[in-house]
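The values are calculated or read from the model by the stated rules, or taken from the named source; none is laboratory data. Just so we're clear, the structure is a prediction, and the values are computed from it rather than from any experiment. Here the Cβ positions follow ideal geometry from the backbone for every residue, glycine too, while neighbour counts run over all protein chains shown. These area figures cover heavy atoms from the full protein model, side chains too; ligands, DNA and RNA do not enter into them. Shrake-Rupley method; radii C 1.70, N 1.55, O 1.52, S 1.80 Å.
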Amino acid sequence: MTKKMGTTQILGIVLGITLVSPQLLNAYAVAGATEIPVWDFGFAQVEMIGYQAQVLPAILAGFALVFIEKFFRKITPALVSMIVVPFCSLVLAVLVAYTILGPVGWVIGGWISDIIWAGLNSNVKWLFATIFGFVYAPLVITGLHHMTNAIDSQLVASFGGTNLWPMIALSNIAQGSAVFAMSVLQKKNEKAQQISIPAMISCYLSVTEPAIFGVNLRYGFPFLCGMVGSSLAATVSVSFGVTATNIGVGGIPGILSIFPQCSAS
């Protein structure tokens with residue numbers, strides 16, 4: 001993000017590292033922690049919690065860094081810019097991240113997970129699942145699919161399991177199957193096979209980008225077929241109450257993360 005917005009990439013990397021520092025309480029351990037450590041500044045206390053698997057705090061902190069760095073570049077003389085700008089930008093961005101943006105992002109992430117959980121347990125959960133299964137592959141194109149890891153983690157921490165992850169695994173399988181269909185249709189095209197077969201295997205093992213960008217989007221129709229298949233599979237998955245113990249490997253190996261029992265409804 002810092003690269004796209006024209007600021008220093010290394011500062012963004014350092015800021016990201018500070019958000020997951022091992023000196024902080026791991027985000028995955030918050031639910032089971034009996035006591036959360038704090039920084040005590042006298043007039044205020046800030047919880048020492050890392051932001052592992054938290055997408056929103058990292059995005060908000062990145063935006064803060066971008067604007068802070070641009071501000072200091074405007075007001076700092078060129079003679080001392082190399083020292084003053086990185087130091088002041090990073091220090092202020094870290095402070096803002098831990099005191100304001102991180103907690104806000106955590107709360108918003110909690111709200112999103114609550115909404116998704118409510119949708120997956122509502123009277124129209126089949127509709128919610130149908131829509132999610134259909135739009136997940138396009139989310140992969142935008143990169144927003146990474147946010148689902150944070151939602152899955154929140155669901156596991158709050159409710160002991162996630163029925164969002166099985167739908168993601170099924171979406172991987174659906175896109176991989178679309179590639180497999182193209183491979184069958186193009187079985188006499190050796191060049192196409194060299195692309196399709198590795199992409200299909202990769203997709204079945206959870207990495208969908210080669211299949212989506214290398215094959216399905218190129219032809220268009222396979223991508224849409226994968227979305228439809230994912231949508232139908234997600235509907236069946238949620239209708240039978242399929243739930244994962246935690247985030248695991250997507251695609252076919254995703255079955256290893258599934259609770260053995262399910263509750264049809």
Problem - Any hit, region 214-230, residues being touching a Gly at 6+ places or on another chain (Cβ under 7 Å), at pLDDT 90 or above, closer than 16 Å to TYR136 by Cβ and surrounded by 18 or more Cβ atoms within 10 Å (Cβ to Cβ) - result: yes
Handout entry: Sole exception among (1) buried (at least 19 other Cβ atoms within 10 Å of the Cβ); (2) at pLDDT below 80; (3) among the aromatic types (Phe, Trp, Tyr) for PHE134, by number
Key = (2)
Practice task
Kindly list the number of the only condition in (1) in contact (Cβ under 8 Å) with a residue 60 or more places away in the chain; (2) closer than 16 Å to ASP152 by Cβ that fails for SER206.
Solution key: (1)
Practice task
Determine whether PRO260 is closer than 16 Å to VAL140 by Cα and open to solvent by 30 Å² or more (accessible area, probe 1.4 Å).
Solution key: no
Exercise for the section: Being modelled with pLDDT of 75 or more and open to solvent by 50 Å² or more (accessible area, probe 1.4 Å) is the filter; apply it to region 18-34 and report the residue that is farthest from the chain's Cα centre (by Cα). Expected result: GLN23
Problem - Residue within region 181-191 that is of a type in the set (Ser, Thr, Tyr) and touching a residue at least 40 places away in the same chain (Cβ under 8 Å) present - result: no
Exercise for the section: Take the residues in region 222-254 that are outside any loop (DSSP other than H, G, I, E, B) and free of Cβ contacts under 8 Å to residues at least 40 places away in the same chain, then tell me which one is farthest from ASN149 (Cα to Cα). Expected result: LEU224
Handout entry: Residue identified as open to solvent by less than 10 Å² (accessible area, probe 1.4 Å) and among the hydroxyl-bearing types (Ser, Thr, Tyr) among SER183, SER196
Key = SER196
Handout entry: Single residue of region 255-265 satisfying the filter (part of a helix (DSSP H, G or I) and among the hydrophobic types (A, V, I, L, M, F, W, C)) that is farthest from ILE212 (Cα to Cα)
Key = LEU256
